[in-house]
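What follows is a single structure, written as structure tokens, with notes after it.
Each reported figure results from applying straightforward, stated rules to the coordinates on display, with no laboratory input. Computed from a predicted model, the values in this text were never measured in an experiment. Neighbour counts are summed over all protein chains in view; Cβ atoms, including those assigned to glycine, are modelled from backbone coordinates with ideal geometry.
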Amino acid sequence: MSRVRAALALAGVHAGYGRTEVLRGVSLTVPPGKIVGLLGANGVGKTTLLRVAAALVRPAAGEVSLGTADVTRLGAHQRARSGVCLIPEGRGIFRSLSVRDNLRMFLRSGAEADLGTAVDAFPVLGRRMHQRAGTLSGGEQQMLAVAKAFLCRPAVVLADELSLGLAPKVIEEIYAALRLLNDQGVGLLVVEQYVQRIVELADSLAVLSKGQVAWSGPAGELDEQALLDSYLGTRADSAG
Ligand code: ATP
């Protein structure tokens, strides 16, 4: 089975919860096989943006496309089938199931060999196949969550604060797995609080401020003022 290569694009997206509008005209593209880092203050809407991309939050306006297909109206299951894989903050694993059963949940039919790829990325999971996921260490649970991305044949992986609360050695292993996915042609949209870490991983960065992309550009050219403004909430030209 071949992997889809396609850009994920959000165009003019407005979204929120009830009367609270969190995203106010967000446009952002993850080109095929590229890593885009998403930065911004707590509560600015990074998770909401990923949830719109994964069809867990329906935009009030704007479009989401994957390659040439308008996927705005696809539900979460169909969006995932079309090649968008979310690794949510808080992991989203099934704690009462074994590691093997968690992995099998995302395995495409006829793609048993992908299980080996996931275990190659995280050998510790291979040694814990029969253990209940809820009894794994925090780092192992995060590895299991990331392993899903090797199984669902994604065009784009959306990674939400994967390094939160993890030891540096585990973070390195998880970032190595993200690079491995990227080497296979997968595009990534990565939310990360540690600026230096994402600058090193990403091809390009976007800074979210006041519900909009206040700055985007090559990772090596991050506009630190735009980032600071996001944290201070003062960027006048991004105010609605
Ligand atoms: P963090 O870095 O803290 O995870 P974030 O940038 O990912 O923050 P979001 O989680 O997208 O931000 O939240 C954006 C805003 O939407 C916040 O004000 C938050 O309180 C609010 N929000 C998030 N989820 C919900 C929800 N299910 N219902 C109502 N409001 C929500």
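Numbers for the structure displayed
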{"item": "Positive minus negative residues near L178 (Lys, Arg vs Asp, Glu; Cβ under 12 Å)", "result": "-3"}
{"item": "Cα-projected label distance for D70 with L56, points at 7 Å along beta-carbon direction, nm", "result": "2.6 nm"}
{"item": "Phi-based couplings in Hz for the stretch 109-116 (Karplus 6.51, -1.76, 1.60; Gly and Pro marked x)", "result": "5, x, 10, 3, 4, 4, 4, x"}
{"item": "Alpha-carbon centroid distance for the pair the stretch 128-145 / the stretch 214-234, whole angstrom", "result": "36 Å"}
{"item": "Antiparallel bridge percentage (DSSP; both residues within the stretch 8-232; nearest 5)", "result": "55 percent"}
{"item": "Where a label projected 7 Å from the Cα of D223 along Cα→Cβ would reach, residues of the stretch 19-36 with amide N under 19 Å", "result": "24-30, 36"}
{"item": "Global form of the chain, assessed from the alpha-carbon gyration tensor, a/c cut-off 1.5", "result": "prolate"}
{"item": "Those trypsin sites (Lys or Arg not before Pro) in the stretch 2-93 that DSSP places in a loop and that have at most 16 other beta carbons within 10 Å", "result": "R3, R5, R19, R73"}
{"item": "Antiparallel DSSP beta bridges within the stretch 104-236, as percent of all bridges there, nearest 5", "result": "55 percent"}
{"item": "Cβ-defined net charge surrounding H130, 11 Å radius [Lys, Arg +1; Asp, Glu -1]", "result": "+3"}
{"item": "Inter-label distance for S27 and H130, nm, one decimal - labels placed 7 Å from Cα along Cα-to-Cβ", "result": "5.6 nm"}
{"item": "S98 long-range amide H proximity, modeled H, under 5 Å", "result": "A133"}
{"item": "Inter-probe distance in nm under a simple model that places probes 7 Å from Cα toward Cβ, at Q196 and D101", "result": "4.2 nm"}
{"item": "Charge context of R108, other residues only, Cβ under 10 angstrom, K/R +1, D/E -1", "result": "0"}
{"item": "Net charge dipole size for the stretch 81-235 [Lys, Arg +1 and Asp, Glu -1 on Cβ; Debye, nearest 20]", "result": "820 debye"}
{"item": "Highest-first arrangement of 163-171, 202-210, 106-114, where packing means the average Cβ count within 10 Å", "result": "202-210, 163-171, 106-114"}
{"item": "Other-chain or far-sequence residues with amide H under 5 Å of L188's (modelled H)", "result": "K34, I35, V36, V157"}
